[in-house]
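The values are calculated or read from the model by the stated rules, or taken from the named source; none is laboratory data. The model shown is predicted, which means the values in this text are computed figures rather than measured ones. Please note: Cβ atoms are built from the backbone with ideal geometry, for glycine as well, and neighbour counts cover all protein chains shown.
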Amino acid sequence: MDISVTQHQKNLRTLPCIVTEMTPVTLHHCHGGSMKLRGWHVGVAQKQNPWLQIPLHESLHTGSHGIDSGMGVETWEKRFGSQWGYLEEVRELLGYDIFRMAQMFEGLKA
């Protein structure tokens, strides 16, 4: 299935928070922690892969329990679960292979 990044992001925004099922959501670019263990590490100031995003409620993204607000990836994953696991759930919910699309995106960056 060929799908644009824009459509993928629209599809993600139709989902509730992958952790809490709350709405509304913001889109989190997965990085560090379980992503690094799987070989999907993006360094500082490098372009994030738009296919490797999960829908998170603001409180778990940039809020008081946010992965990107000081809690840190390792602590967040210990408390709320693996970003990689949530990406696998997103793939199932959306019905297309986000990992294949992410690999294609990486090939275009090279």
Inset, instruction - Could you grab me the full set of residues in segment 1-20 that are closer than 20 Å to Asp68 by Cβ, in a loop (DSSP other than H, G, I, E, B) and not polar (S, T, N, Q)? - result: Leu15, Pro16, Cys17, Ile18, Val19
Inset, instruction - Write out, first by first residue and then by second, each pair whose Cβ atoms fall under 7 Å of each other, whose residues are 6+ apart or on separate chains, and whose first residue, in segment 73-94, is closer than 11 Å to Gly33 by Cβ while the second is of a type in the set (Asp, Glu) and at pLDDT 95 or above. - result: Gln83/Glu77
Inset, instruction - Examine segment 80-96 for a residue that is among the basic types (Lys, Arg), surrounded by fewer than 14 Cβ atoms within 10 Å (Cβ to Cβ) and in a helix (DSSP H, G or I), and state whether such a residue exists. - result: no
Inset, instruction - Select, from Trp51, Trp40, the only residue that is touching a helix residue (DSSP H, G or I) at 6+ places or on another chain (Cβ under 7 Å), part of a loop (DSSP other than H, G, I, E, B), in contact (Cβ under 8 Å) with a residue 24 or more places away in the chain and buried (at least 18 other Cβ atoms within 10 Å of the Cβ). - result: Trp51
Inset, instruction - State whether the residues of segment 27-38 include one that is modelled with pLDDT under 95, of a type in the set (S, T, N, Q) and in contact with a strand residue (DSSP E or B) (Cβ under 6 Å, 6 or more places away or on another chain). - result: no
Legend entry - In segment 9-25, the residues that are over 14 Å from the mean Cα position of the chain (by Cα) and not charged (D, E, K, R): Thr14, Thr20, Met22, Thr23, Pro24
Legend entry - Members of segment 68-96 that are within 11 Å of the chain's Cα centre (by Cα) and among the aliphatic types (A, V, I, L, M): Leu87, Val90
